[in-house]
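I am attaching a structure below and will ask some questions about it afterwards.
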Amino acid sequence: MSIKTIKDILLSAKKIGITYHVSPDGDAVGSVLALYNGLKYLNKDCYVLSKEALSENLRFLLGAEDVTGEVYEPIDDTDVVIVLDCGNYERICANLENYNKVLLNVDHHLSNDMYGNENYVDIDAAATAEIVYELLLELGFVFKEDDEISKEIGTCLYTSLVTDTGAFRHSNVTYRTLEIAAKLKRIGVNNTFIYQSLFDNKDFNRVRFVGKVLTNMQLVCDDKVALIELPKDAGKEFGIEVGDTSDIISYGLQIKGVEVTLLVKEADDKIKASLRSKNDVDVRKIAEYFGGGGHTKAAGLAIKYSTLEEARDKILSKIEEEL
């Protein structure tokens, strides 16, 4: 499928649902809200499907207030659902079991299962936002200087690029990534505001919580793996919900000699795990072994009906095989 095919399907649709993967990160949210706002501007009837509300640090994006976590099944008469940034059907952040119309799968993960009626996967894209940027152009949206809606949509896209490239540090950054970022900057996107909203806007109790978590971090596997464990009530002492943990896991890779950071978090009926890699370890392979997915240097998974300790030990065993 081509970008033009996606355009044709979206323009001919009467009602469009847009969604992403569970535990949506900056690329997922930024890509979805960029497309959502762009389609609305083009007078298309569209809405966001999501089982989860957005994390606090992403609520500065236009349209975030429309994502409540309460609309997660396709509304009647929805004739197209487009899933962004999700490689596996099981990880879609919506209930689509009873949906039998057009399902579009647009992604950049190498491990994508091609679960859509139509699939567009560009593994050379550093973020799904790169694809959405090109799709918006194909749809006829014009990014203009000193134009408010252009700047708001550009802010969504730039947020995606920042979060999925580690603020342009990771090896997935390409000429195209920086070219799109430069074009977004040219139309007035405020990169300083985005960085501050993402990284420098934490509640004091969140900072105290992170401090305690880092105090309890361990080095295992001959000090090559930084291990972070979060039981279900981890945030109770500080009166917070743990929520998104991307601000925590990144600290592990800052330690000299560490190759992989593993964060395991207890949820209602499962253990969620996030993995980050510094150099040569392909954490995507580890995540896929447990039914998860992601990128070479950043991946996630969930293990159902397991204790935190059991899940931790299983994942560490697999990491040791890859070291």
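Could you tell me whether segment 152-168 includes any residue that is charged (D, E, K, R), open to solvent by 10 Å² or more (accessible area, probe 1.4 Å), within 17 Å of the chain's Cα centre (by Cα) and under 17 Å from V32 (Cβ atoms)? Quick ask: steps written out before the conclusion?
At the first step, the residues of segment 152-168 found to be charged (D, E, K, R) are 152, 164.
Now restrict to residues that are open to solvent by 10 Å² or more (accessible area, probe 1.4 Å): 152, 164.
Filter once more, keeping what is within 17 Å of the chain's Cα centre (by Cα): 164.
From the residues that got through so far, the ones that are under 17 Å from V32 (Cβ atoms) too are 164.
Yes: segment 152-168 contains one or more residues that are charged (D, E, K, R), open to solvent by 10 Å² or more (accessible area, probe 1.4 Å), within 17 Å of the chain's Cα centre (by Cα) and under 17 Å from V32 (Cβ atoms).
Return a yes/no flag: does segment 82-97 have any residue that is more than 30 Å from D200 (Cα to Cα) and touching a Pro at 6+ places or on another chain (Cβ under 8 Å).
yes
Something else: Every residue in segment 102-145 that is hydrophobic (A, V, I, L, M, F, W, C) and open to solvent by 20 Å² or more (accessible area, probe 1.4 Å), please. Please lay out each step first, then the result.
At the first step, the residues of segment 102-145 found to be hydrophobic (A, V, I, L, M, F, W, C) are 102-104, 106, 110, 114, 121, 123, 125-127, 129, 131-132, 135-137, 139, 141-143.
Answer for segment 102-145, where residues must be hydrophobic (A, V, I, L, M, F, W, C) and open to solvent by 20 Å² or more (accessible area, probe 1.4 Å): V102, L110, M114, V121, I123, L137, V142, F143.
May I ask you to list the residues in segment 264-275 that are open to solvent by less than 50 Å² (accessible area, probe 1.4 Å) and out of contact with any Gly (no Cβ under 8 Å at 6 or more places or on another chain)?
Our first condition is that a residue be open to solvent by less than 50 Å² (accessible area, probe 1.4 Å); within segment 264-275, this holds for 264-265, 267, 271, 273-275.
Once the filter is applied, which keeps residues that are open to solvent by less than 50 Å² (accessible area, probe 1.4 Å) and out of contact with any Gly (no Cβ under 8 Å at 6 or more places or on another chain), segment 264-275 yields V264, K265, A267, I271.
I would also like to ask the following. Would you confirm whether any residue within segment 126-139 is in a loop (DSSP other than H, G, I, E, B) and charged (D, E, K, R)?
Step one: list which residues in segment 126-139 are in a loop (DSSP other than H, G, I, E, B), which gives 126-127.
Okay, now just the ones that are also charged (D, E, K, R), so none.
The answer is no; no qualifying residue exists.
Just to be sure before I move on: is V225 among the aliphatic types (A, V, I, L, M) and either farther than 19 Å from E309 by Cβ or under 21 Å from the mean Cα position of the chain (by Cα) (or both) in the structure I sent? Talk me through it step by step, then tell me what you get.
On the way: among the aliphatic types (A, V, I, L, M): yes; either farther than 19 Å from E309 by Cβ or under 21 Å from the mean Cα position of the chain (by Cα) (or both): no.
Spelling it out, it is not the case that V225 is among the aliphatic types (A, V, I, L, M) and either farther than 19 Å from E309 by Cβ or under 21 Å from the mean Cα position of the chain (by Cα) (or both).
Are any residues in segment 170-192 part of a loop (DSSP other than H, G, I, E, B) and touching a Phe, Trp or Tyr at 6+ places or on another chain (Cβ under 7 Å), and if so, which ones?
Filtering segment 170-192 down to residues part of a loop (DSSP other than H, G, I, E, B) leaves 170-174, 187-190.
Scanning segment 170-192 gives I187, V189.
Could you list, in sequence order, all residues of segment 251-263 that are assigned to a helix (DSSP H, G or I) and either open to solvent by less than 60 Å² (accessible area, probe 1.4 Å) or among the aromatic types (F, W, Y) (or both)? Spell out how you get there, then give the answer.
At the first step, the residues of segment 251-263 found to be assigned to a helix (DSSP H, G or I) are 251-254.
Result: Y251, G252, L253.
Which residues, taken from segment 233-250, are under 26 Å from D27 (Cα atoms), free of Cβ contacts under 8 Å to residues at least 40 places away in the same chain and open to solvent by 40 Å² or more (accessible area, probe 1.4 Å)?
Within segment 233-250, E241 is the sole residue that qualifies.
Taking the residues in segment 217-260 that are charged (D, E, K, R) and in contact with an Asp or Glu (Cβ under 8 Å, 6 or more places away or on another chain) as candidates, determine which candidate is modelled with the lowest pLDDT.
Taking segment 217-260 and keeping what is charged (D, E, K, R), we get 222-224, 229, 232-233, 236-237, 241, 244, 247, 256, 259.
Then keep just the ones that are in contact with an Asp or Glu (Cβ under 8 Å, 6 or more places away or on another chain); that gives 224, 232, 244, 259.
Details: K224: 97, K232: 89, D244: 78, E259: 96.
Going through the qualifying residues, I end up with D244.
Please work out which residue is nearest to the chain's Cα centre (by Cα), limiting yourself to segment 8-53 and to residues that are within 19 Å of C86 (Cα to Cα), charged (D, E, K, R) and open to solvent by 30 Å² or more (accessible area, probe 1.4 Å).
Among those residues, the one meeting the criterion is D25.
Let me ask something else about it. Can you name the residue in segment 94-116 that is of a type in the set (D, E) and within 18 Å of the chain's Cα centre (by Cα) and, of all such residues, is farthest from A13 (Cα to Cα)?
Selected residue: D113.
Quick check on Y195: is it out of contact with any Gly (no Cβ under 6 Å at 6 or more places or on another chain), within 30 Å of D8 (Cα to Cα) and part of a helix (DSSP H, G or I)?
On the way: out of contact with any Gly (no Cβ under 6 Å at 6 or more places or on another chain): yes; within 30 Å of D8 (Cα to Cα): no; part of a helix (DSSP H, G or I): yes.
Here the answer is no, as Y195 does not meet what is asked.
Which of the residues belonging to segment 276-312 are surrounded by fewer than 22 Cβ atoms within 10 Å (Cβ to Cβ), over 19 Å from the mean Cα position of the chain (by Cα) and part of a helix (DSSP H, G or I)?
Passing the criteria: Y289, L308, E309, E310, R312.
Taking segment 264-275, which residues are out of contact with any Pro (no Cβ under 7 Å at 6 or more places or on another chain) and either in a strand (DSSP E or B) or among the hydroxyl-bearing types (S, T, Y) (or both)? Explain how you work it out, then say what you get.
Initial filter on segment 264-275 (out of contact with any Pro (no Cβ under 7 Å at 6 or more places or on another chain)): 264-265, 267-275.
Of everything in segment 264-275, those that are out of contact with any Pro (no Cβ under 7 Å at 6 or more places or on another chain) and either in a strand (DSSP E or B) or among the hydroxyl-bearing types (S, T, Y) (or both) turn out to be V264, K265, K270, I271, K272, A273, S274, L275.
When the residues of segment 169-194 are narrowed to those that are hydroxyl-bearing (S, T, Y) and at pLDDT 95 or above, which ends up least open to solvent (accessible area, probe 1.4 Å)? Reasoning before the result, please.
Taking segment 169-194 as the starting set, the residues that turn out to be hydroxyl-bearing (S, T, Y) are 171, 174-175, 177, 192.
Retained after the next criterion (residues that are at pLDDT 95 or above): 174-175, 177, 192.
Working: T174: 49, Y175: 175, T177: 0, T192: 74 Å².
Only one residue fits best here, namely T177.
The values are calculated or read from the model by the stated rules, or taken from the named source; none is laboratory data. Predicted model, so just to flag it, every value in this text is computed and none were measured. Here the Cβ is made from the backbone with ideal geometry for all residues, glycine too, and neighbour counts use every protein chain on show. Side chains included, ligands, DNA and RNA excluded: accessible areas come from the protein's heavy atoms. Shrake-Rupley method; radii C 1.70, N 1.55, O 1.52, S 1.80 Å.
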